[in-house]
Amino acid sequence: MLAQAFLSALLLVGSGAHAHKGCGGQEVMRRNPGGRNIDSYAEYASELKRGREGRLDRRQATPTDEASGAESTDPSFECTGYSYAPWAALKANYPTIWETATILSTDTDAQTLFATINSSVAAKFPNIGPKGTNSGDFTGVTYDYGTDPDCWWTDHECTTPAADTGLAADITTVPEALTWGYGFDDGPNCSHNAFYDFLQDNGQKATMFYIGSNVADWPLQALRGYADGHQIAVHTWSHRYMTSFTNEEVFAELYYTRKLIKDILGVTPKYWRPPYGDVDNRVRFIAAALNLTNVVWTDDSEDWKEGVPADNVTAADVTANYQAVIDKAGNGTYTSSGPVVLTHELTNFTMSEAISQYAAIKAAFKYMVPIATAYNDTNPYEETNVTYPDFLTYTNQSSSSSSSSSSSSSASAGSAGLTASSGGSSAAASGSAAATTTSGASASTTSKAASSAGRIEAGVLGVAVGLGGAVAMLL
Ligand SMILES: *[C@@H]1O[C@H](CO)[C@@H](O)[C@H](O)[C@H]1NC(C)=O
Ligand SMILES: *[C@@H]1O[C@H](CO)[C@@H](O)[C@H](O)[C@H]1NC(C)=O
Ligand SMILES: *[C@@H]1O[C@H](CO)[C@@H](O)[C@H](O)[C@H]1NC(C)=O
Ligand SMILES: *[C@@H]1O[C@H](CO)[C@@H](O)[C@H](O)[C@H]1NC(C)=O
Ligand SMILES: *[C@@H]1O[C@H](CO)[C@@H](O)[C@H](O)[C@H]1NC(C)=O
Ligand SMILES: *[C@@H]1O[C@H](CO)[C@@H](O)[C@H](O)[C@H]1NC(C)=O
Ligand SMILES: *[C@@H]1O[C@H](CO)[C@@H](O)[C@H](O)[C@H]1NC(C)=O
Ligand SMILES: *[C@@H]1O[C@H](CO)[C@@H](O)[C@H](O)[C@H]1NC(C)=O
Ligand SMILES: *[C@@H]1O[C@H](CO)[C@@H](O)[C@H](O)[C@H]1NC(C)=O
């Protein structure tokens, strides 16, 4: 088993850029906005609405409705590029999509903020520099893999930086019994409407870790995620290995994704997930300086490897990975905390699999909730006038006023996501169903997972050659 893992690891490194094909954006074709112009989310939302109505009642639908009904979940239609005016107007203020982000020479705000952060990094972590290549080849990296001084996740899945770093532990679990911390990486996927329709029909929200370049490519799809009430979080600008980057690149990958989500959706996320889990104390420090809490996972569904020849992961393997987590719900593993499972909005398979596993997860677990909800963080965005449901509210166990506004938002979710209009000068769906605006909502501090239950069982397979020679790691 280990020998086989080692062999595959070598193959992975040998195949370089192909090592992680499938998870994320590098392989996605760069798109030049073209096609039709869409100037507001309202226009897109009414298209979706017509589509759903067309599908829901075909007998009464006019031929036009039927056509748009089909179109709204036809991948080739959904993934046809379009020009969205608010993004077109902002584009010059952003790095090139799908390339490693750096700070724009004209961006004095970013330069000023970075200068402060950079001097703190140098003072605090003088010995941590970039590691390996941005596609995750750590061959030849000189590192003490045994003691793991940088708390580098990719070495031994370290998630608890030493106390003297002052860094918070990563979130790995959710602090509620029999509760599945529900989230998806790599969106917004251009063809996610069938999946998002499913979540909406089930009144289900999740934490969506969006790639900045995907938000730029598919701003209306990102707006739908927010309007549907999902917790929007950051998954970097170009989806590469974060520990490989200079301080400036780490900063820019996070800074511009956060800023783009603000510019397009109107909110600034306070949570992020490193692609491939690749984070160390230097990266954690820069993220924390941008108020971003790091969320990794306990279990990897490996859905992102399905269909990637080098990874040799079948649909049945992914189903078995889901099942293994579901089985643990029955054996006492989750009596005081719940799993966070790595799953993706990446391909038709990953989304279809999420749909087909949903009923089984619901049956085995008491709750499935977004990460912020599990931690009672009612402010998962910088904007304090936008609040998010806490655990009792989301699970309908509380009859507080915030509960009733939440359930009305969730009750109307079937249409709210479709009728949110673009308000004011902001491109965001104003007053969208994503958030309930309550006065005096207490912003509880995000408590970090202390539990070590349910550690990573499978993950990225990589190899690193340290001073002592080749070291195989099953991550
Ligand atoms: C940031 O800090 C690093 C390490 O101390 C240094 O090499 C780099 O020049 C600094 N970058 C800027 C833009 O000041
Ligand atoms: C981080 O949060 C603090 C406290 O709310 C705020 O003052 C600061 O501006 C935030 N920093 C960034 C980079 O958004
Ligand atoms: C792929 O996985 C199958 C089943 O686990 C195994 O039998 C086969 O040897 C693997 N192929 C490669 C190329 O690793
Ligand atoms: C539950 O099952 C998992 C997977 O087989 C195992 O690792 C774990 O130790 C079991 N936990 C308990 C409490 O039995
Ligand atoms: C979205 O999913 C489709 C399959 O439905 C896939 O072909 C496409 O590459 C994905 N797009 C993005 C941007 O991830
Ligand atoms: C997967 O693709 C099929 C065929 O295009 C489509 O009908 C279905 O809605 C897709 N599923 C998801 C979850 O995108
Ligand atoms: C969330 O709030 C509920 C109700 O007050 C409480 O039982 C639970 O412990 C809280 N969770 C966290 C992580 O603070
Ligand atoms: C809470 O109640 C709303 C409205 O009845 C429903 O749509 C939603 O699914 C419920 N949520 C949970 C977690 O049961
Ligand atoms: C929150 O405040 C900002 C800035 O004042 C404003 O632009 C935005 O519309 C407000 N959002 C909500 C949901 O009230």
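The values are calculated or read from the model by the stated rules, or taken from the named source; none is laboratory data. A quick note: this is a predicted structure, and the numbers were derived from the prediction, not measured. Please note: Cβ atoms are built from the backbone with ideal geometry, for glycine as well, and neighbour counts cover all protein chains shown.
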note = Of the residues in the range 280-326, those that are closer than 30 Å to Ser119 by Cα and of a type in the set (Val, Ile, Thr) come to Val283, Ile286, Thr293, Val295, Val296
key: Out of Gly431, Gly423, Gly417, Gly338, sole residue that is buried (at least 24 other Cβ atoms within 10 Å of the Cβ), more than 16 Å from ligand 1 (Cβ to nearest atom) and at pLDDT below 95   = Gly417
message = Quick test of your reading of the structure: Glu353 fulfils all but one of (1) in a loop (DSSP other than H, G, I, E, B); (2) away from ligand 8 (no atom under 16 Å from the Cβ); (3) not aliphatic (A, V, I, L, M). Name the failing condition by number.
response = (1)
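Take the range 140-164 and flag every residue that is charged (D, E, K, R) and surrounded by 15 or more Cβ atoms within 10 Å (Cβ to Cβ). Steps first, answer last, please.
Initially, the range 140-164 is screened for residues charged (D, E, K, R), giving 144, 148, 150, 155, 157, 164.
Listed by number, the residues that qualify are Asp148, Asp150, Asp155, Glu157.
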ask   = Which numbered condition trips up Ala101, out of (1) without any contact (Cβ under 8 Å) to a residue 24 or more places away in the chain; (2) closer than 19 Å to Ile261 by Cβ; (3) touching a helix residue (DSSP H, G or I) at 6+ places or on another chain (Cβ under 6 Å)?
value = (1)
key: Candidates Val308, Val279, filtered to the one that is crowded, with 23+ Cβ neighbours inside 10 Å and within 30 Å of Thr246 (Cα to Cα)   = Val279
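Restricting to the range 173-185, and then to whatever is within 16 Å of ligand 4 (Cβ to nearest atom) and buried (at least 21 other Cβ atoms within 10 Å of the Cβ), can you tell me which residue is nearest to Lys366 (Cα to Cα)? Outline the logic, then answer.
Keep residues of the range 173-185 that are within 16 Å of ligand 4 (Cβ to nearest atom), which gives 173, 177-178, 180.
Checking the rest, the ones that are also buried (at least 21 other Cβ atoms within 10 Å of the Cβ) come to 173, 180.
On the way: Thr173: 15, Trp180: 8 Å.
Top of the filtered list is Trp180.
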request  = Spot the failing condition for Trp87; the list is (1) more than 25 Å from the chain's Cα centre (by Cα); (2) more than 25 Å from Thr165 (Cα to Cα); (3) not aliphatic (A, V, I, L, M), and only one is missed.
outcome  = (1)
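What number of residues within the range 87-136 are in a helix (DSSP H, G or I) and surrounded by fewer than 19 Cβ atoms within 10 Å (Cβ to Cβ)? Break it down stepwise before answering.
Taking the range 87-136 as the starting set, the residues that turn out to be in a helix (DSSP H, G or I) are 87-93, 108-124.
With surrounded by fewer than 19 Cβ atoms within 10 Å (Cβ to Cβ) added as a condition, the list becomes 88-93, 108-109, 111-113, 115-116, 118-120, 122-124.
Residues that pass the stated criteria total 19.
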